[in-house]
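Down below is the structure, laid out as structure tokens.
The values are calculated or read from the model by the stated rules, or taken from the named source; none is laboratory data. Please read all numbers here as calculations on a predicted model, not as lab measurements. So basically every Cβ, Gly included, is an ideal-geometry build from the backbone, and we count neighbours across all protein chains shown. Surface areas here come from the heavy atoms of the whole protein model, side chains and all, with no ligands, DNA or RNA. Shrake-Rupley method; radii C 1.70, N 1.55, O 1.52, S 1.80 Å.
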Amino acid sequence: MTAAGTPPAPAGWRPALAPAVSLRHDRVRDADLLVLPERVVVLRGSAARILRLCDGDRDLDTIVAELESRFPGAPVADDVRAFLGRMRGEGWIR
Amino acid sequence: MTAAPRPWALLAELTHGCPLHCPYCSNPLELVRRSRELSTAEWAEVMRQAGEFGVVHTHLSGGEPLLRGDLAEIVTAAESAGIYTQLVTSGVGLDDARLAALAAAGLRSVQLSVQHADPAAADRIAGHRAFAAKERAAALVRAAGLPLGLNVVLHRDNLDALDALIQRGVDWGADRIELANTQFYGWALRNRDALLPTRDQLGRARETVQRWRDRLGGATDLVWVVPDYFDGVAKPCMGGWGAVSLTVAPDGTALPCPAAASLPDLDPPNVRDHSLEWIWDHSGAFNRYRGEGWMREPCRTCSRRAEDFGGCRCQAYALTGDAARTDPACALSPDHGVIRALTDTGHPAAAATPAPTGGYAYRKPGGG
């Protein structure tokens with residue numbers, strides 16, 4: 001699956017994990033995982049931190065603002081929007 | 001010996017009982033009797049240990065796992081252990097109440113088997129009138145909001161119906177359709193003459209899959225499990241022996257893959273005698289073909305050995321009598337002629353026209 005053909009996120013989008021997707025911390029491997037019906041995705045860097053904010057309540061601006069307040073000066077906005085766009089293209093968040 | 005990487009997945013064969021009799025069943029020829037099955041408490045303990053040492057995914061399979069009246073309790077045990085659960089079912093026996101109980105217990109996903117797009121042909125292949133129940137089961141799973149996968153085992157008798165099969169899957173709202181070309185072990189090996197497709201059939205099927213992928217654009221995930229008899233390339237079986245996943249059979253026998261019960265001298269351990277962690281790290285069975293130390297030529301120095309792990313041990317045993325030989329599916333295997341004799345155009349089996357009446361040795365207890 002690719003992002004190609006995925007319509008743009010609606011205005012006021014409040015991202016949430018797709019029902020099939022489970023985000024969990026793996027104590028054994030000390031890694032954050034997205035678990036799907038037939039696969040496991042090992043999350044790197046700040047991916048899990050961003051996805052934990054995707055609770056269906058926060059909208060995109062709120063998510064970006066929270067991350068910016070935690071990481072002042074980091075180029076958060078573009079990176080986060082691009083990352084969540086890719087995750088949406090995969091069908092892992094909606 | 002350094003500890004092996006932890007397994008990601010557990011295939012839990014909860015029972016070998018099944019109302020269907022599919023001639024390619026992945027269960028061994030010698031099916032485990034119901035009286036020897038692990039108890040609820042024993043399965044709960046397997047799940048606890050599995051979660052504890054790194055398993056994140058379990059396929060609750062069979063046979064037909066819905067025959068276990070305690071299935072919801074086993075789901076709860078897996079979920080409590082932090083393991084994502086997928087039910088692998090024929091759909092027979094799945095009603096609204098049953099599905100609601102499983103979902104309440106934490107079931108995450110359902111994979112439904114489909115034999116053919118045509119109900120009568122599907123029931124003939126399954127050896128049971130099951131198609132209507134599958135259609136109902138698919139609708140229930142969608143209504144419950146759970147992800148729905150279909151698994152279609154492909155062979156001579158249904159490859160020409162692939163277009164209609166995919167259409168069924170799309171109509172039923174499947175998120176994922178696994179098009180699994182038959183792997184020839186156990187029951188499928190016994191029925192190989194009836195199941196083996198022709199190269200022409202496979203060529204047309206590949207075109208059909210590509211056409212649907214273009215049309216669907218990823219809305220439904222189509223997974224093509226390669227027909228390794230025809231490609232000249234060994235499959236990376238199980239992602240390597242004792243590397244990614246383990247199977248626990250209904251009686252607690254632990255295996256590196258579901259087909260490994262066919263290996264005569266494996267002496268597989270049992271969860272009733274040992275912890276899963278001991279089984280994974282220290283049992284002879286799980287270490288037998290782990291890594292590359294067991295390999296001979298041409299695998300030992302092959303540039304692909306870290307990609308395909310020498311192919312499948314069970315297939316090497318089934319076709320050569322020696323599980324440590326290179327998988328004959330590989331064109332580099334000295335035994336590849338065994339496969340070519342079956343698949344080359346001009347060979348009687350390869351040239352045979354699809355046999356619509358099957359003529360199967362149906363899977364049933366005592367059939368081994």
A correct Karplus calculation of ³J(HN,Hα) over the range B:286-298, with 6.51 cos²θ - 1.76 cosθ + 1.60, θ = phi - 60°, whole Hz and x for Gly and Pro, returns 6, 9, 4, 10, 6, x, 10, x, 7, 6, 10, 5, x
Percent antiparallel among DSSP beta bridges confined to chain B, nearest 5, equals 10 percent
Rh (Kirkwood, all Cα-Cα pairs) for the range B:67-108, Å, reads 10.4 Å
Per the charge dipole of chain B (beta-carbon charges, Lys/Arg positive, Asp/Glu negative, Cα centre), the residue among B:9, B:365, B:203 reaching farthest to the positive end is B:203
If N is the residue count of the range B:121-197, its Cα Rg over 2.2 N^0.38 Å rounds to 1.18
Counting all Cα-Cα pairs in the range B:273-322, those more than 17 Å apart amount in percent to 46 percent
Rg/Rh over Cα atoms for the range B:205-329, Kirkwood Rh, comes to 1.06
Heavy-atom accessible area per residue of the range B:63-141, all protein chains kept, 1.4 Å probe, expressed in Å², is 33 Å²
Rounded to the nearest 0.05, FRET efficiency between residue B:225 and residue B:132 (Cβ-Cβ, R0 30 Å) equals 0.70
Taking r as the C-beta separation of residue B:211 and residue A:94 and R0 as 30 Å, the FRET efficiency to the nearest 0.05 is 0.65
Inverse of <1/r> over all distinct C-alpha pairs of the protein assembly as shown, i.e. the Kirkwood Rh in Å, gives 23.5 Å
The convex hull of the Cα atoms of chain B, divided by residue count, gives a volume in Å³ per residue of 131 Å³
The Cα radius of gyration of the range B:103-151, divided by 2.2 N^0.38 Å with N its residue count, comes to 1.24
So the B/A interface buries, both sides summed and with a 1.4 Å probe, an accessible area in Å² (nearest 100) of 1500 Å²
Measure of exposure for residue B:309: accessible area at 1.4 Å probe, Å² rounded to 10, is 60 Å²
Gyration tensor on Cα atoms of the range B:141-297, a ≥ b ≥ c root eigenvalues, a/c under 1.5 rounded, else prolate if a/b beats b/c, else oblate, says prolate
quick shape note, the range B:1-86: Cα extents on principal axes in Å, largest first -> 40, 30, 22
Taking the alpha-carbon centre of each part, the distance from the range B:64-141 to the range B:165-200 in Å is 19 Å
Net charge (Lys, Arg +1; Asp, Glu -1) of residues whose beta-carbon lies under 11 Å from that of residue B:77, residue B:77 excluded, is -4
Of the convex hull drawn through the C-alpha atoms of the range B:199-253, the volume per residue in Å³ is 149 Å³
Sorted by chain and then number, the residues having a modelled amide H within less than 5 Å of the amide H of residue B:225, at least 5 places away or on another chain, are B:179, B:180, B:181
Carbon/sulfur accessible area of the protein assembly as shown, % of total, 1.4 Å probe, equals 53 percent
Plugging the Cβ-Cβ distance of residue B:338 and residue B:98 into 1/(1 + (r/R0)^6) at R0 = 45 Å yields, to the nearest 0.05, a FRET efficiency of 0.50
Rounded to the nearest Å, the spacing of the alpha-carbon centers of the range A:67-86 and the range B:226-278 is 44 Å
Mean projected area (nm²) from the convex hull of Cα positions in the range B:36-122 is 6.3 nm²
Pseudo-spin-label distance residue B:294 to residue B:41, built 7 Å along Cα→Cβ, given in nm, is 3.5 nm
Expressed to one decimal in nm², the mean projection of the alpha carbon convex hull of the range B:257-300 is 3.7 nm²
With -39,500 (n - 2.57) per DSSP H segment of 4 or more residues and division by the full residue count of chain B, the 222 nm estimate, nearest 500 deg cm²/dmol, is -9500 deg cm²/dmol
Rounded to whole angstroms and listed largest first, the alpha-carbon spread of chain A along its three principal axes comes to 33, 32, 22
Unit-weight point scatterers at every alpha-carbon of the range B:12-167, Debye formula, q = 0.09, 0.12, 0.20 1/Å: log10 I(q)/I(0) is -0.29, -0.52, -1.28
When chain B is treated as a Gaussian network with springs between alpha carbons less than 10 Å apart, the largest mean-square fluctuation among B:164, B:174, B:137 is found at B:164
Residue-normalised value, i.e. accessible area per residue, for chain A at 1.4 Å probe, in Å², stands at 55 Å²
